[in-house]
Amino acid sequence: MCNDSLTGTYRVRSPTQTRTPKIVSEVQVHSRNHSKSCKKGNVECRFGFPKLPMDKMILTYDTPSPDEEDGNDDDNDGVKDDNEEQSRRGNEAKSAGKKKAALVKKQREARDKLKPLRNLLCDPNASFDTLTELLEKCNLTHQQYLDAVFDLTIGSVLYIKRRPNDCCINAYNPVLLRAWNANMDIQYVIDDYSCMAYMMSYLSKPEHEMTEHLKSVVSDVKQRNVNERDEMI
Ligand SMILES: [Zn+2]
């Protein structure tokens with residue numbers, strides 16, 4: 001699958017495909033106002049909108065801290081006395097605590113750095129054709145932007161090629177979208193376990209939970225001027 005087939009930007013290549021952009025605007029656009037189901041816990045939008053723009057597809061990865069790179073060369077070469085074992089466990093707990101605190105700090109700083117950019121992406125009156133244009137407005141270089149994105153993410157996350165103006169378009173495959181003719185959120189599977197856990201959570205979802213969810217969707221749509229499709233996502 002090439003980059004373009006996953007991007008929110010669909011290029012009209014032939015007359016037979018001119019219908020696709022209409023489908024995209026009808027079913028793939030996430031409301032900038034979000035919906036009730038977007039808010040969960042402290043997260044503003046649990047679906048991750050607006051999505052961060054990228055000039056090309058990138059895959060983030062964890063960068064190990066220096067002490068992790070050193071590795072643990074503490075070979076268990078015999079019986080250790082209790083004091084030594086306790087001290088080792090204490091040091092491990094201390095080290096884990098420090099790492100967690102450093103991670104939280106790093107993510108908070110990255111979030112702060114990206115806040116002006118996110119605000120502009122959420123602004124219905126703002127429009128940026130290119131990432132460069134957007135970054136200039138936020139006084140960020142490409143490298144600073146990428147560093148913040150890496151700092152913000154844990155593990156491997158795929159960021160697809162996307163223009164700033166496409167930040168609220170869900171990822172799709174043009175061919176599948178035409179066949180499916182409804183909203184999709186296509187994603188690469190880069191973690192087998194996460195994929196299985198995701199499927200199992202749906203398979204094991206109690207029916208009454210789904211019924212309650214659908215009831216709340218209907219009630220919310222009636223009360224507010226919310227796009228019904230957004231509520232269902
Ligand atoms: Zn949302």
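Rounded, prolate or oblate: which fits region 119-171 when a ≥ b ≥ c are the square roots of the eigenvalues of the alpha-carbon gyration tensor, with rounded for a/c under 1.5 and prolate only if a/b beats b/c? Please list the in-between numbers first.
Values: a/c = 2.03, a/b = 1.26, b/c = 1.60.
Oblate.
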Euclidean distance between Cα centres, region 93-147 to region 154-175, Å: 17 Å
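So if R0 is 22 Å, what FRET efficiency would residue 176 and residue 197 give, r being the distance between their Cβ atoms, rounded to the nearest 0.05?
The pair residue 176/residue 197 has a calculated efficiency of 0.40.
Go ahead and run the numbers for FRET between residue 146 and residue 119, Cβ-Cβ distance against an R0 of 25 Å, rounding to 0.05.
Values: r = 19 Å, r/R0 = 0.77.
E(calc), rounded to 0.05, equals 0.80.
All other residues with a Cβ under 13 Å from the Cβ of residue 104 taken together, and with Lys, Arg as +1 and Asp, Glu as -1, what is their net charge? Working shown, then result.
Details: positive: 98, 99, 100, 105, 106, 108, 111; negative: 109, 112, 151.
With Lys, Arg at +1 and Asp, Glu at -1, the neighbours total +4.
How would region 81-233 be classified by its alpha-carbon gyration tensor: rounded, prolate or oblate, with rounded meaning a/c under 1.5 and the a/b versus b/c comparison settling the rest? Walk me through the numbers before you get to the answer.
On the way: a/c = 2.09, a/b = 1.26, b/c = 1.66.
The shape class here is oblate.
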Backbone HN-Hα couplings from phi across region 191-201 [Karplus 6.51/-1.76/1.60, Hz, Gly and Pro as x]: 9, 4, 4, 4, 5, 5, 4, 4, 5, 5, 5
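Specify whether the C-alpha gyration tensor of region 146-209 places it in the rounded, prolate or oblate class, a ≥ b ≥ c being the square roots of the eigenvalues: rounded for a/c under 1.5, otherwise prolate if a/b is larger than b/c and oblate if not.
Details: a/c = 2.16, a/b = 1.19, b/c = 1.82.
Because a/c hits 1.5 or more and a/b fails to exceed b/c, region 146-209 counts as oblate.
Give me the extension gain from residue 33 to residue 85: residue separation times 0.36 nm, minus the current Cα-Cα distance, reported in nm with one decimal. Working shown, then result.
On the way: separation 52, 0.36 × 52 = 18.72 nm, distance 5.41 nm.
Contour length minus the Cα-Cα distance gives 13.3 nm.
Only the coordinates and a few stated rules stand behind these numbers; no lab work does. Predicted model, so just to flag it, every value in this text is computed and none were measured. Heads up, the Cβs are rebuilt from the backbone with ideal geometry, glycines too, and the neighbour counts pull from every protein chain shown.
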